[in-house]
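Structure first, then comments.
Here, each number is a calculation from the coordinates, and none is a lab measurement. Here the structure is a predicted model, which is why all the values come from computation and not from measurement. Using ideal geometry, Cβ is built from the backbone for each residue, glycine included, and neighbour counts are taken over all protein chains shown.
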Amino acid sequence: MGARDALLSDPLSYSYCYCEENASRIALALAEEPKSTDSIYLLFISNPAKSVVIWHQGKSGVALKDAVRMESDLVVWDFHVTVLHRIEEGEVKWHMYDLDSRLSSAAWPVPAHTYLGLSFRSWMQQKIPGHLKP
């Protein structure tokens with residue numbers, strides 16, 4: 001069992017409402033794996049108003065299949081921390097790790113373009129009030 005699998009299978013490794021702790025644990029687990037030459041980044045997501053809209057978060061109370069109900073499929077965080085992992089296996093691949101995301105339950109890790117596109121819904125950005133944009 002790899003470090004990632006061990007992290008996910010241990011229910012005590014998840015800290016409720018402490019995304020920075022969860023992201024740190026993921027980054028440390030990734031760094032312990034044999035391919036430690038990969039690049040690992042902790043991403044701190046916020047804005048001057050400290051209120052960022054992120055979709056597909058576990059706290060939203062809406063199942064992933066109901067994602068079309070945008071009015072209730074979001075969470076407003078004061079900040080959020082995730083892990084961006086760059087893997088070089090012939091080609092460069094970018095993955096996101098976020099234990100608070102419902103997207104992570106469908107696939108682990110989530111391709112970065114999928115996570116960013118669905119979590120921040122670029123097509124919705126013009127409809128989001130400025131103080132809620134990342």
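The table for this structure:
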{"read-out": "Calculated FRET efficiency for the pair LYS50/THR114, C-beta based, R₀ 25 Å, to 0.05", "value": "0.40"}
{"read-out": "Segment TYR16-ASP38, length gained on full extension (0.36 nm per residue, minus Cα span)", "value": "5.1 nm"}
